[in-house]
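Novice: Dumping the structure here so I can ask a few things about it.
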Amino acid sequence: MHPIPLSIFIITRNEADRLGATLEAVRDLSDDIVVVDSGSDDETCAVAETHGARVLVNAFQGYGPQKRFAEDQCRHPWLLNIDADEVCPPDLVAEIRGLFANGEPAAKAYGVPIAEQFPGEGTPHPLSYTIAPVRLYRRDAGRYSASPVHDRVDLAPGISPARLKHRIHHRSIRSLSDELRKLNAYSDMQVDDLEARGKELAAARMITEFPFAFFKAYVLRRHFLRGRYGFLTAMNHAIYRHMRIAKHLERRWRK
């Protein structure tokens, strides 16, 4: 297939077990795949090189700064960001390629649906909780926020994103314990961010956060459709939200 003016970038750390499938899915979509690693001690970099990616190592200073660094390494005017635990299925790859069939895509940025895929599922549940952040965009239309915790593309004024139809499959959960480990680390980053911005959350949230967060995940995000894993991941989400409040309040009280 002929190349399209698209670079793909991925940030990694210890993703050797998942990265191969991610890269294999997009290997025919771009001739410029950039992997920015933040110090893996497994075979992540070797897996990336085996699949034809350019590998760079950069110290992790947060999600926004790391993705900004990756953006700057890309060669083409169009950028696609995917995470190491995400897979672009063939219908999504074909949809992206189709945007370039007659030259430039109609829009300058596209939201890409991302659907949770739990362990044991061959594909995400049809009613899986799905978000659609901007992941495909021209480099002159926006770039990732500098925030260390808010993983989003800030678009230039006046640019409205279109939305793709097909979904990325997000395989975020290796195990429940691994999920809790990641969420615990992320809650630390969020508390640091709150402190850096001088923001204080209400103490009453140490009582309300857990039940509201569980309801949001189990009911509003439809985890109740996913059996035992749905219940347990909703619990993990609620625990993580509680930890964020608890750590924030503890830090305030110790001052």
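The values are calculated or read from the model by the stated rules, or taken from the named source; none is laboratory data. Values in this document were obtained by computation on a predicted structure and should not be read as measured data. When we count neighbours, we look across all protein chains shown, and the Cβ atoms used for this are built from the backbone with ideal geometry, even at glycine.
Novice: Using the structure shown, decide if Q61 is among the polar types (S, T, N, Q) and either closer than 15 Å to L164 by Cβ or at pLDDT 95 or above (or both).
Specialist: No: the conditions fail for Q61.
Novice: Under 8 Å between Cβ atoms, which residue pairs at least 6 apart in sequence (or on different chains) link something in segment 103-116 that is assigned by TED's automatic domain parsing to the domain that holds P77 and at negative phi with a partner that is of a type in the set (V, I, T) and not in a strand (DSSP E or B)?
Specialist: K108/I159; A109/I159
Novice: Can I ask one more? Against the condition basic (K, R), assigned to a loop (DSSP other than H, G, I, E, B) and over 25 Å from A107 (Cβ atoms), how does K199 come out, does it pass?
Specialist: When the stated conditions are applied, K199 passes them.
Novice: Oh, and also: If G227 meets every condition in (1) free of Cβ contacts under 8 Å to residues at least 12 places away in the same chain; (2) surrounded by 15 or more Cβ atoms within 10 Å (Cβ to Cβ); (3) of a type outside the set (A, V, I, L, M) apart from one, which number is that one?
Specialist: Unmet for G227, out of (1) free of Cβ contacts under 8 Å to residues at least 12 places away in the same chain; (2) surrounded by 15 or more Cβ atoms within 10 Å (Cβ to Cβ); (3) of a type outside the set (A, V, I, L, M): (2).
Novice: Starting from segment 123-140, keep only residues that are farther than 24 Å from L155 by Cα, then list their pairs with residues that are among the hydroxyl-bearing types (S, T, Y) whose Cβ atoms are within a distance under 9 Å, requiring at least 6 positions of separation or different chains.
Specialist: P124/T130
Novice: Same structure, new question: If you check H169, H150, which single one turns out to be modelled with pLDDT of 95 or more, under 17 Å from the mean Cα position of the chain (by Cα) and not in a helix (DSSP H, G or I)?
Specialist: H169
Novice: Follow-up question, since we're still on this one. In segment 164-211, how many residues are exposed (fewer than 14 other Cβ atoms within 10 Å of the Cβ) and without any contact (Cβ under 8 Å) to a residue 12 or more places away in the chain?
Specialist: The total comes to 12.
Novice: What do you reckon, is R244 assigned by TED's automatic domain parsing to the domain that holds L180, part of a helix (DSSP H, G or I) and free of Cβ contacts under 8 Å to residues at least 40 places away in the same chain?
Specialist: no
Novice: When segment 216-255 is examined, which residues are found to be within 19 Å of the chain's Cα centre (by Cα) and of a type in the set (V, I, T)?
Specialist: Listed by number, the list holds a single entry, T233.
Novice: Just to check your reading of the model, which residue among P126, P148 is surrounded by fewer than 18 Cβ atoms within 10 Å (Cβ to Cβ) and either closer than 17 Å to H166 by Cβ or in the same structural domain as Q73 (by TED's automatic domain parsing) (or both)?
Specialist: Of P126, P148, the one residue that is surrounded by fewer than 18 Cβ atoms within 10 Å (Cβ to Cβ) and either closer than 17 Å to H166 by Cβ or in the same structural domain as Q73 (by TED's automatic domain parsing) (or both) is P126.
Novice: Follow-up. Working only within segment 63-78, note down all residues that are free of Cβ contacts under 8 Å to residues at least 24 places away in the same chain and within 15 Å of the chain's Cα centre (by Cα).
Specialist: Selection gives nothing.
Novice: Would you confirm, using the coordinates I've provided, whether V36 is within 19 Å of V149 (Cα to Cα) and hydrophobic (A, V, I, L, M, F, W, C)?
Specialist: Yes: the conditions hold for V36.
Novice: Does L136 satisfy the condition of being in the same structural domain as K108 (by TED's automatic domain parsing), within 19 Å of the chain's Cα centre (by Cα) and under 30 Å from D17 (Cβ atoms)?
Specialist: Here the answer is yes, as L136 does meet what is asked.
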